[in-house]
1. State which residue pairs qualify: first residue over 11 Å from Arg25 (Cβ atoms) and inside the range 86-97, second residue part of a loop (DSSP other than H, G, I, E, B) in any location, beta carbons under 6 Å apart, and separation of 6 or more residues or different chains.
2. Identify the residue in the range 98-131 that is outside any helix (DSSP H, G or I) and among the hydrophobic types (A, V, I, L, M, F, W, C) and, among all such residues, is farthest from Leu170 (Cα to Cα).
3. On the given criteria, is Ala38 surrounded by 11 or more Cβ atoms within 10 Å (Cβ to Cβ), under 14 Å from Ile86 (Cα atoms) and at pLDDT below 95?
4. Tally up the residues in the range 159-174 that are out of contact with any Ser or Thr (no Cβ under 9 Å at 6 or more places or on another chain), closer than 14 Å to Ala130 by Cβ and surrounded by 15 or more Cβ atoms within 10 Å (Cβ to Cβ), please.
5. Report whether or not Lys135 is outside any helix (DSSP H, G or I), more than 18 Å from the chain's Cα centre (by Cα) and either free of Cβ contacts under 8 Å to residues at least 60 places away in the same chain or on the phi < 0 side of the Ramachandran plot (or both).
6. Being polar (S, T, N, Q) and either in contact with a Lys or Arg (Cβ under 9 Å, 6 or more places away or on another chain) or assigned to a loop (DSSP other than H, G, I, E, B) (or both) is the filter; apply it to the range 51-79 and report the residue that is nearest to Leu27 (Cα to Cα).
7. Of the numbered conditions (1) exposed (fewer than 15 other Cβ atoms within 10 Å of the Cβ); (2) of a type in the set (A, V, I, L, M); (3) under 27 Å from Phe22 (Cβ atoms), Ala62 fails exactly one; give the number of that condition.
8. Under 8 Å between Cβ atoms, which residue pairs at least 6 apart in sequence (or on different chains) link something in the range 154-181 that is closer than 13 Å to Ala127 by Cα and of a type in the set (S, T, N, Q) with a partner that is in a helix (DSSP H, G or I) and modelled with pLDDT of 90 or more?
Amino acid sequence: MADDTRPANKPRLELLLEGGLFHARWLMAPFYVGLVVALGGLLFVFARKLLFALPTIGGMSAEEAILLVLSLIDLSLAGNLLLIVIFSGYENFVSKIDTANHEDRPSWIGTVDFSGLKMKLIASIVAISAISLLKAFMQLSEGEGVSERSLLWLVVIHITFVVSGVLLALMDWLAARADHH
């Protein structure tokens, strides 16, 4: 059966090359499966942290409880970040996820393009960085040994992430404005 959609003037070798390149996107699928395994590892760390902390909750100070909660939130945000990368990356670069309109399908799947993915990633990274910085401040207020050097680096890294996020947003905004002209 002849391929009626093939342009008449394209050489067969070029079509084969382009088909091979198009199908090469499936080489990314194992990366996303690996990220699912990493998500399982993150769940294990989360569960271990929670289970080891439960017996000691009664003796925790408010600050220790807040530090525990911040650690759990930090792990949760990292898990959310992984899900965003898995779903958006797979849909943008490999294939559409067919969930047959499942009622639990997140509304953002299929709507996050590469630009949106970048913004979600940087927002998650900034939130994770902010929680790490807050944990360090909490430890400092508890009298725990947080070196000035470590604190300085946490602040510098956090500011770098925030500035990077603002610059990425600015670049996307400028690109969107340029597309309209």
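1. Phe87/Ile109; Ser88/Val112; Glu91/Ile97; Glu91/Gly110
2. Residue satisfying both the conditions and the ranking: Ala100.
3. Spelling it out, it is not the case that Ala38 is surrounded by 11 or more Cβ atoms within 10 Å (Cβ to Cβ), under 14 Å from Ile86 (Cα atoms) and at pLDDT below 95.
4. 1
5. Answer is no for this residue.
6. Ranking the candidates gives Ser71 first.
7. It fails just one condition, (3).
8. none
The values are calculated or read from the model by the stated rules, or taken from the named source; none is laboratory data. Predicted model, so just to flag it, every value in this text is computed and none were measured. Counting neighbours? That spans all protein chains shown, and the Cβs are built from the backbone with ideal geometry, glycine included.
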